[in-house]
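The values are calculated or read from the model by the stated rules, or taken from the named source; none is laboratory data. Just so you know, these numbers come straight off a predicted model, no measurement behind them. Counting neighbours? That spans all protein chains shown, and the Cβs are built from the backbone with ideal geometry, glycine included. Heads up: the accessible areas ignore ligands, DNA and RNA and are worked out on the full protein's heavy atoms, side chains in. Shrake-Rupley method; radii C 1.70, N 1.55, O 1.52, S 1.80 Å.
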Amino acid sequence: MQQLRRVGDADRKLYESYLSQFNEISQRRTLQDASARIISPATLPESPSSPRRKLFYAAGGIVGLGGGLLLAFLIEFLKSGIKSSAEVEQSFGYPVIGFIPLVPSRKSRGIAYGRMLNKITETPLSQFSEAVHAMRISLELSSANPKVILVTSALPAEGKSTAALLLAASSASSGRRTVLLDCDLRQQVASRAFRNNHQPGLSELLRGTAGPMDVIGKDPATKTYVIPAGSMVANAADLLRSERMRDLIAELRDEFDYIVIDTSPLLPVVDALALASIADKVLMIVEWGQTPRASISEAFKVLRPEAHRVAGIVLNKVDLKQLQGYSYGGGYHYRSVSKYFADA
């Protein structure tokens, strides 16, 4: 009984403590309710107070536009290619002799070459033809009418064979006796363009197994004489720098008014350097916006022994619509001059 009594006393004290706290809290609540009053009745909101969507949309649009412009600037700034004559002159110290417009084509290379050569002969007043003629005339004005022109590039697939074909066709269209030598004995792009890459050519001529009349041909469309590359040889550079090659060029100087030499790119092989000493001028072809600056610099280092023969650079595969965003020739604008051309 005593133990139960002690437990009962303890529970009673605990109850009294809780009751005292409850009464105190009830008194405070009554005081708070007495001092509160209604300012305005609550209403149902028409839109959420958070998040503020319009503000987020506006901020997101501004940030996205700014980021896009910054990214476009960085991409353009970090590109290693050349897109203006000012960049060429500042980076390498050589002038831009001209440019060759881009001709989009999904057809085979042979058909594409034929299409471009036909533009020279069939549409002489087209923008493409005028650009090619301007390249040739600028080259002639850069020196005292050079007769032997060597066309090369830093890397493969920049269009140096196309430039050589067009340069020869432009010269022939002006009434000059023009011959094109395919000295790229490895790839023979110019020979394939005229469909005579399986015939005896320059390699047979230099080895003494064929004569000039056996290898030289004439393209009826462009009136250009062509000496194809002939069969592939292992010692191409030695063959091209031989005394027979020098004698051949001397003979061609007497027979023709204009000689265009299509040779290999400078960085992969040394064939172009072996031929540079027999040319009057060297024309460097650079793919517009694609060829790395470092590769162009290395190519000019390779040509350093014959640097005095370098006439300048031709920008190839130029997108004329994009070109108006870059300075060329003191402010070239595609739309403002297009009315001068027959295909505009």
Where labels lie 7 Å past Cα in the beta-carbon direction, separation of Arg12 and Ile25 in nm
2.5 nm
In nm, the gap between the two label points placed 7 Å beyond Cα toward Cβ at Met213 and Tyr94 is 4.0 nm
Added length on full extension, which subtracts the Cα-Cα distance from 0.36 nm per residue, Thr121 to Ser277
53.0 nm
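Students sometimes get this wrong: rank Phe256, Phe92 by accessible area, probe 1.4 Å, all chains present, largest first. Could the numbers behind the result be given before it?
Details: Phe256 10, Phe92 35 Å².
If we order Phe256, Phe92 from most to least accessible, we get Phe92, Phe256.
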Could you tell me the center-to-center distance, by alpha carbons, between region 231-301 and region 166-224 in angstrom?
15 Å
Quote to one decimal, in nm, the extra length available between Ala157 and Ile39 on full extension: 0.36 nm per residue of separation minus the C-alpha distance between them.
34.3 nm
So, R0 is 45 Å and r is the distance between the beta-carbons of Ala250 and Glu87; what FRET efficiency does that work out to, to 0.05?
0.70
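With a 1.4 Å probe and all protein chains left in place, how much accessible area per residue does the chain have, in Å²? Before the final figure, lay out each step's value.
Values: 19920 Å² over 344 residues.
On a per-residue basis, the chain sits at 58 Å².
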Where does each of Lys13, Lys317, Lys54 land when they are ordered by accessible area, with a 1.4 Å probe and the largest first?
Lys54, Lys13, Lys317
Only Lys, Arg (+1) and Asp, Glu (-1) charged, at Cβ; region 109-189 dipole about Cα centre in debye
120 debye
Would you mind calculating the relative contact order of the chain from Cα pairs under 8 angstrom and at least 6 residues apart, reporting the percent as a whole number?
24 percent
Computed about the Cα centre, the charge dipole of the chain from +1 Lys/Arg and -1 Asp/Glu charges at the Cβ has a magnitude in debye, to the nearest 20, of 1360 debye
Once the dipole of region 129-207 is set up with Lys and Arg at +1 and Asp and Glu at -1 on Cβ about the Cα centre, which of Val189, Ala169, Val179 lies farthest towards its positive end?
Val179
Could you point to the residue in Tyr94, Gly159, Ser142 farthest towards the positive end of region 94-170's charge dipole, with +1 and -1 charges on the Cβ of Lys/Arg and Asp/Glu respectively?
Gly159
Once phi for every residue in region 252-261 is put through the Karplus expression 6.51 cos²θ - 1.76 cosθ + 1.60 (θ = phi - 60°), the whole-Hz ³J(HN,Hα) values, with Gly and Pro written as x, are 5, 4, 6, 8, 10, 8, 8, 10, 10, 10
Derived scalar couplings ³J(HN,Hα) [region 61-66; Karplus, 6.51 cos²θ - 1.76 cosθ + 1.60; whole Hz; x for Gly, Pro]
x, 5, 5, x, 5, x
Along region 147-163, Karplus-curve 3J(HN,Hα) (6.51, -1.76, 1.60; θ = phi - 60°) to the nearest Hz, with x for Gly and Pro, reads 9, 10, 10, 9, 10, 9, 8, 6, 10, x, 6, 8, x, 5, 5, 4, 4
What's the carbon and sulfur percent of the chain's accessible surface, probe 1.4 angstrom, rounded to a whole number?
55 percent
Does anything in region 161-186 have its amide N under 18 Å from the 7 Å Cα→Cβ label point of His198, and if so which residues?
none
Can you list the residues, at least 5 places off or on another chain, whose amide H is less than 5 Å from the amide H of Thr224, using H built in the peptide plane?
Asp219
Distant-in-sequence amide H partners of Ser153 (H built 1.01 Å from N, under 5 Å):
Leu266, Ile285
Listed residue (Pro265, Asn118, Pro41) projecting farthest to the positive dipole end of the chain, Cβ model
Pro41
Given the whole protein assembly as supplied and a 1.4 Å probe, what does the accessible area of Ile62 come to in Å², nearest 10?
120 Å²
Sticking with the crude label model, points 7 Å out along Cα→Cβ, report the distance from Met232 to Glu298 in nm, one decimal please.
2.3 nm
Can you show me the helix-derived [θ] at 222 nm for the chain, built from DSSP H runs with n ≥ 4 at -39,500 (n - 2.57) apiece and divided by the number of residues, rounded to the nearest 500.
-15000 deg cm²/dmol
Within the set Pro45, Pro265, Pro220, GNM on the chain using Cα springs under 10 Å gives the largest fluctuation to Pro45
Counting only residues 5 or more apart in sequence or on a different chain, those whose built amide H sits under 5 Å from that of Arg186 are none
In range of the label at Ser242: residues from region 263-297 whose backbone nitrogen is under 19 Å from the point 7 Å along Cα→Cβ
263-264, 270-279
